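> Sending over a structure as structure tokens; questions will come in a sec.
Every number in this text was worked out from the coordinates using simple rules, so none of it is lab data. Just so you know, these numbers come straight off a predicted model, no measurement behind them. Glycine gets a Cβ as well: all are built from the backbone with ideal geometry, and neighbour counts include every protein chain shown.
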Amino acid sequence: MNDTRSEIIRLANELIRSVGYNVFSYADISKQLNIKNAAIHYYFPAKSDLGIAVIKENQSLFLEKTEQWVKLGYRQQYKKYITMHDSFIKTHWTCIVGSLAPAFDTLPENMQKELQKLVNMILDWLTDLLSKGKESKVFDFKETPRTRANMTHSALLSSLQMNKVLRNDIYKSIQEGLLII
């Protein structure tokens, strides 16, 4: 991938996670990368094109991570999932889903569809992991695996958002609670 294009996506990803999609502009990116807005428009004619590229990058990263985890046991994979956003605590970022979901109704339809694909990808993976772990008696929970996946993902997502607001350790306390299954 072109270095300039990659840097634009990387910076847009950071901006979405830190200030939100509707707040940042191409000017924010061009200023930080010391390029003209036209250079960004060359790669991403519309802001939604950039938003989709960011979501797809996150899809790829999630697939890479889960493929690396596949040889681990169910509990270890679950722990990797629960702790994969630990690096965001110091920067007070939220995950990409937590950053885009509050603005969902204001996002262009093509971005909404891509975000839905990402959320379903995550929930499908987590549901499968929880289902296999429950079947093999590694996990013990009463809900259906899909309900447990929804609860787990929602708790992590909201804990990152609350950590951003309160600047405390709510994320860590939620993680600890989720790891007991």
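> Within the set of pairs 6 or more residues apart or between chains, which connect a residue that is under 17 Å from Ser99 (Cα atoms) and without any contact (Cβ under 8 Å) to a residue 12 or more places away in the chain inside the range 147-170 to a residue that is assigned to a loop (DSSP other than H, G, I, E, B) and of a type outside the set (Ser, Thr, Tyr) with Cβ atoms less than 7 Å apart?
Here the result reads none, with nothing in the range 147-170 linked to a residue that is assigned to a loop (DSSP other than H, G, I, E, B) and of a type outside the set (Ser, Thr, Tyr).
> In addition: Out of the range 154-181, which residues are out of contact with any Phe, Trp or Tyr (no Cβ under 9 Å at 6 or more places or on another chain), closer than 15 Å to Thr94 by Cα and assigned to a helix (DSSP H, G or I)?
Ser154, Ala155, Leu157, Ser158, Gln161, Val165, Leu166, Ile170, Lys172, Ile174, Gln175
> On to the next question. Count, please, the residues in the range 125-149 that happen to be out of contact with any helix residue (DSSP H, G or I) (no Cβ under 7 Å at 6 or more places or on another chain) and among the basic types (Lys, Arg).
Matching residues across the range 125-149 total 2.
> Something else about it: When you go through (1) crowded, with 17+ Cβ neighbours inside 10 Å; (2) more than 30 Å from Gly133 (Cβ to Cβ); (3) within 16 Å of the chain's Cα centre (by Cα) one by one for Thr91, which number turns out not to apply?
Result: Thr91 passes all but (1).
> Test Ala39 against the criterion of being in a helix (DSSP H, G or I), touching a residue at least 12 places away in the same chain (Cβ under 8 Å) and over 25 Å from Ala101 (Cα atoms), and give yes or no.
The answer is yes for Ala39.
> If you don't mind, there's one more thing I want to ask. Restricting to the range 127-153, and then to whatever is surrounded by fewer than 14 Cβ atoms within 10 Å (Cβ to Cβ) and among the hydroxyl-bearing types (Ser, Thr, Tyr), can you tell me which residue is nearest to the chain's Cα centre (by Cα)?
Ranking the candidates gives Thr147 first.
> Another one. What single numbered condition from (1) surrounded by 20 or more Cβ atoms within 10 Å (Cβ to Cβ); (2) touching a Ser or Thr at 6+ places or on another chain (Cβ under 9 Å) fails to hold for Ile96?
(2)
> Okay, next question. Which pairs turn up if I take residues in the range 98-122 that are over 17 Å from Asn150 (Cα atoms) and touching a residue at least 40 places away in the same chain (Cβ under 8 Å) and look for partners that are of a type in the set (S, T, N, Q) and assigned to a helix (DSSP H, G or I) with beta carbon separation below 6 Å, at least 6 apart in sequence or on another chain?
Pro108/Ser48; Asn110/Ser48; Met111/Ser48
> Continuing with this model, one more query. For the list (1) under 17 Å from the mean Cα position of the chain (by Cα); (2) surrounded by 15 or more Cβ atoms within 10 Å (Cβ to Cβ); (3) within 30 Å of Ser25 (Cα to Cα), I need the number of the one condition that Ile82 fails.
Tallying (1) under 17 Å from the mean Cα position of the chain (by Cα); (2) surrounded by 15 or more Cβ atoms within 10 Å (Cβ to Cβ); (3) within 30 Å of Ser25 (Cα to Cα), Ile82 fails exactly one: (3).
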